[in-house]
1. Scan the range C:273-288 for residues that are assigned to a loop (DSSP other than H, G, I, E, B) and away from chain A (no Cβ under 12 Å) and jot them down.
2. Is it true that A:L30 is over 17 Å from A:L124 (Cβ atoms) and either modelled with pLDDT under 95 or outside the structural domain of A:H136 (by TED's automatic domain parsing) (or both)?
3. Quick one: A:A281 ticks every box in (1) more than 25 Å from A:H178 (Cα to Cα); (2) open to solvent by less than 10 Å² (accessible area, probe 1.4 Å); (3) touching a residue at least 12 places away in the same chain (Cβ under 8 Å) bar one, so which box is it?
4. Restricting the search to the range C:273-305, which residues are among the basic types (K, R) and out of contact with any strand residue (DSSP E or B) (no Cβ under 8 Å at 6 or more places or on another chain)?
5. One residue is enough: does the range C:510-517 have a residue meeting the conditions open to solvent by 30 Å² or more (accessible area, probe 1.4 Å), touching a Lys or Arg at 6+ places or on another chain (Cβ under 7 Å) and assigned to a loop (DSSP other than H, G, I, E, B)?
6. Can you tell me how many residues in the range C:21-73 are part of a strand (DSSP E or B) and either open to solvent by 50 Å² or more (accessible area, probe 1.4 Å) or touching a Lys or Arg at 6+ places or on another chain (Cβ under 8 Å) (or both)?
7. So which of B:L88, B:L101 is part of a loop (DSSP other than H, G, I, E, B), surrounded by fewer than 24 Cβ atoms within 10 Å (Cβ to Cβ) and of a type in the set (A, V, I, L, M, F, W, C)?
8. Going through C:S221, C:S146 one at a time, which residue ends up being in contact (Cβ under 8 Å) with a residue 24 or more places away in the chain and open to solvent by 20 Å² or more (accessible area, probe 1.4 Å)?
Amino acid sequence: MKPPPFHYHDPRCLDDALGLLAEKENAKLLAGGQSLMPMLNMRFVFPDDVIDLNRIPELTSIGEDEGLVRIGAMTRQCALERSEVIRDHCPIIIEALRYVGHIQTRNRGTIGGSLCHLDPSAELPTVAQGLDATIHIQSKRGARTLAMEDFPAFYMTPAIEPDEIVTAVEFAPWPKDHGFAFVEFARRLGDFAIVGVAVLLVVSADGSISRASITLGGVGQAPIRCTAAEEIVTGSNDSDAAMREAAETCRKIDAMDDLHVSGVYRQKLAVALTLRALRKAYDRAIGESVA
Amino acid sequence: MTDTRTISVTVNGSRHDLEIETRLTLADFLRHQISLTGTHVGCEHGVCGACTVLVDGQAVRSCLMLAVQADGAMVTTVESMTGENEQLHPLQQAFHDNHGLQCGFCTPGILMTLLEFLQHNPSPNETEVREALSGSLCRCTGYQKIVAAALDAASRLRQDVGKTAGRRES
Amino acid sequence: MSSRKFEPRMGRLEDRALLTGKGRYVDDIHLPNMIEVAFVRSPHGHALFHSIDATAALAHPGVHAVYTHADVVRTLTSDHIPPDQLIESFPATTWPYILPKDEVCFVGEAVAIVVADTRYIAEDAAALVEVDYEPLPVVSNCRQASVPESATVHRDADSNIVSHFTTEYGDTETAFAEAAHVFGFSLNQHRGGAHSIEGRGVVVNYDADAHHLTIWTSTQSAHKSRDAAVELFDMDESQVRVIVPDVGGGFGGKNTVYPEEILTIMASRLLARPVKWIEDRREHFIASIQERDQEWDIEVAVDTEARVQGVRGTIYHDQGAYTLLGLHVPHNSSIAVPGPYHLPSYSMEVIVSETNKVSSIPVRGAGYPEGNFAMERILDRISRELGVDRAEVRRRNLIPGEAIPYEMPMKTREGTPMIYESGNFTRCHEKALEAAGYEDFARLQQKARAEGRHIGIGVANMVKVTGRGPFESATVRVGRSGRVIVYTSAMAMGQGTKTALAQVCAEQLSIPPDQITVVTVDTASSPIGIGAYGSRTMVNAGNSVHLAAGEVRDKAIRVAAHVFEVEEKDIEIADGFARVKGDQAKSLTFKDIAKALGAAKGLAIPKDMPIGFEATVNFRPPDVTYCNASHVVQVEVDPETGGVEIVRYVVVNDSGTLINPTLVEGQLQGGIAHGIGNALYEWMGYDENAQPVITNLAEYLLPTSTTVPNIEIIHEETPSTLNPLGVKGAGESGVVAVAGAVISAVENALEPFGIWISDAPISPMRIVELIEESKAAG
């Protein structure tokens, strides 16, 4: 179980990386390596060229500017876990990261790598969708952005061209007192979730939910934003009933069947976990302590 | 097609300048190029954790890194843990005293994982230790005595820090 | 070993090297000029192949050779694994090829070996070998394999059934005819792997000038490897040396001779240079043996008092494509059903069928987990149908303590009477219930249910055969250094064998165990031996060391008595001296005695005393021993997700006299973790084409630190009457009863839903489905 031969490149700046990527026919970008390296070792992929992004400092940053949080694509998951900016502005990322692999993989794995790998059950794409993230993309031809919603093209395939690199992910933080929860069910801690749910809520003084974001991972081929559920909880004066009703809508979502897990089971998990996440986020928003 | 590169890696304080194939994993570099066979390889797809080493102080799976990526880095392996006079590190001693190993194959990866973890979290509870160990597979022990060893080691290391601090004050 | 001179719970002698990175596992061995191999393996469950074209591979830079069946034929005395470990009455098609001639019968079967400068290059070249396959019909299920119209696993086989027998005693006809109640159900027990974290591996150095093979192999049975090499390469025992370095776990996966090992030897022999093969994890998934693949149809006859009167049924056992090691698993499964329970009549038909999967032979537990699971399911079924508490059902059916020794009306695999010679099953059961708070649990459960939580408790009891002979060897020798060295055929693979054997030796010689060196298998120093499997090492090797060390002690006493002209009873052995009691001046060191017994000039030794301060004993246990245990487990189940958390685990275990209780606890905890895998996690999936659908550790769920709880262990120490140390096995004691106990607890937690579980492992999704099915059935 050894990687096949390839040409290795470790450009020192983004521009060089873009140049290489434009030039090479069958190249793979190496970010944290926690998905590409196993695939190389198992010889599931045979790139002629591997372009390592780990020596490009400009891709590694966490910053807040003009009300937007911007994370460089090569920012490692462990850096996010320990970032005060993230803790202050989007704590749901930290809550989700507890479920992302293990210490050793979070020390290498990057946010950009996780988003581009786009495993349907992965936590970070689900959270990015919940946060309405904007994906910054660059190529020799120029720069562009994509809403996270439009980022997945197909199963495990982002909507980027072969010469493009994801450089950063950016989003507007929710208000300070928002409620949040990331809840998932996996076979063991650190495994990809069977279903994961990211919920963000703003609760008004009267207890009604004024703004909601509900996203399911693992149910469809890419994260699913549950707009119907969001509409049900938003503005309702009986939040508990609304949360139940909202969760129940997940039963109708078209869920994947695969060799190991049925769509019906995914739907059931989606219903149960969405309700748990909603309640947890709600309790946090109103200042209740949560387990 | 052989794609090679000369790299310079500092492993356990010793610098190694070597020409290697760029597809060589860090695990294979450590084991077979510079003969540090204490780092073990159990799955080569980043699940078992046996190959965990520290790169610039962080625990990583060395089967999921290319050796060329460690060019210029400081790598720490289990071979570095014993101190002067071959004295066991408190973490190693705790594993011995608590029967925290059986076949010993997963042990170096677990030691390296805990070495970093206990730096960040010197007073962990059992749940935190179990979460920290969740990326390391052991088929022999059922983990119980590994967890006990880790908690014992944390306590010993805290005492060591206390002693050092005490000496500084006096 | 009632009064001990040294601390039983001593730390292990093995640890320092293993903790400092100085262990020496097979892949740590590097020899000058060494090259490596990779295998070309079948991607088909069943296919013919018409040609193997290695032209491109051989042209690849760094490649030394590609060998196929023709090379095996020209080099070895046979193209099959030697039959001494196989069942000769089986059809020839069941014997594994070293490399197949023209037919592959499971995904992963090696068809060619590629030798190259490095493993990297060998894998590059293996991908260039072109094999012209013609797929054939595939057999993927053992029940379907057993019907006459089934396709066959091997083209030339008439049938897939390699053995069909019935394990029976008593009058089941009458028991069922007269029973108050008869219940029937089916069970599916799925395959899992051994998954030692170190895979298999071998390094071979053929010295052409000396015509000598040195083989370092990660194995549980070195002498089998040596004997296979001797036979296949037509050499003698002086020309083949097998050394077992540190072994990173076995669990059954390394207890046979595999084609890869023979082929690596062949490559070294043909190229006359050192060659290495290290199994990678994917190879472990597709080419190492697996176990626990059985479908069961069961009927039970029971009286009005919940006492079992008879059990009958059929086991369909999936043997895989070849028989690498006899019928141990199906035989054991069938005789393990009664276990610690009194079962008056029994008739179990066993149909052993081949399928196009990798061979299924013992993994830790060797058929006992399956048999035990069946019996514990039977008892739970009785409890449910008759409304008698599950612990009470077991109480009524356990063989009472006073009935031990108890002769089961069955025979062991050797054909000898099956006698539970020691132990007390009812006492273990009661102790376990009490320790786990069984009586009070119903109250806690009601309280939890009121809070919407589903907690449950499960109970299971087991007996397992251990300590099977014929022997392991031990030589205790003191040389001119004065140091005590134990040479043994015992195989160390993580159990702490060296420590425990040093402890045994230390008690006899009154020398601290850490001053004793234990050399485990090297066929040069321990030319005869069997292997580490079946929880047999302490019974066999432990007693050999005990007896050999005793003989060495007696020699020392005789020499000292002779030298100081006193009675032997006046000599004491202590601190490395043999001395006259009460006269410290009159003492001999072990070094002095070794010198004298080495016939050096100086001390006079008794004329009739054999030369050498040493003794060799190959202890032969008169019969097998049986360890037993009672398990009680508490779980919490989330009925919405099907998630199961093991909250508490209590085991009362009797492995006889404990040489080192800490080591035994380690064995039990590891075994129980393995059992938790079998109950909840480990599922080796195949599709209808016998393609393995799981070939990595992200999908094959080994238990992790967050899924295995702390295990509370209470030792019962009933000495075995069958060996001087009084020991019984421990290595497999943990694993056997786990699935029965855990699955019972899961059902108990979900009692309000009334589900019945017939699969092991049970997945969260299946639990949710069962709840739904139960609701739908009303």
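The values are calculated or read from the model by the stated rules, or taken from the named source; none is laboratory data. Just so you know, these numbers come straight off a predicted model, no measurement behind them. Cβ coordinates were reconstructed from backbone atoms using ideal geometry, including for glycine residues, and neighbour counts include every protein chain displayed. SASA here: full protein model, heavy atoms, side chains in, ligands and nucleic acids out. Shrake-Rupley method; radii C 1.70, N 1.55, O 1.52, S 1.80 Å.
1. C:R273, C:P274, C:S288 - these are the residues of the range C:273-288 that are assigned to a loop (DSSP other than H, G, I, E, B) and away from chain A (no Cβ under 12 Å).
2. Yes; evaluated as a whole, the condition is true for this residue.
3. (1)
4. C:R281, C:R282 - these are the residues of the range C:273-305 that are among the basic types (K, R) and out of contact with any strand residue (DSSP E or B) (no Cβ under 8 Å at 6 or more places or on another chain).
5. no
6. Looking only at that region, the number is 9.
7. B:L88
8. Of the residues listed, the single one that is in contact (Cβ under 8 Å) with a residue 24 or more places away in the chain and open to solvent by 20 Å² or more (accessible area, probe 1.4 Å) is C:S146.
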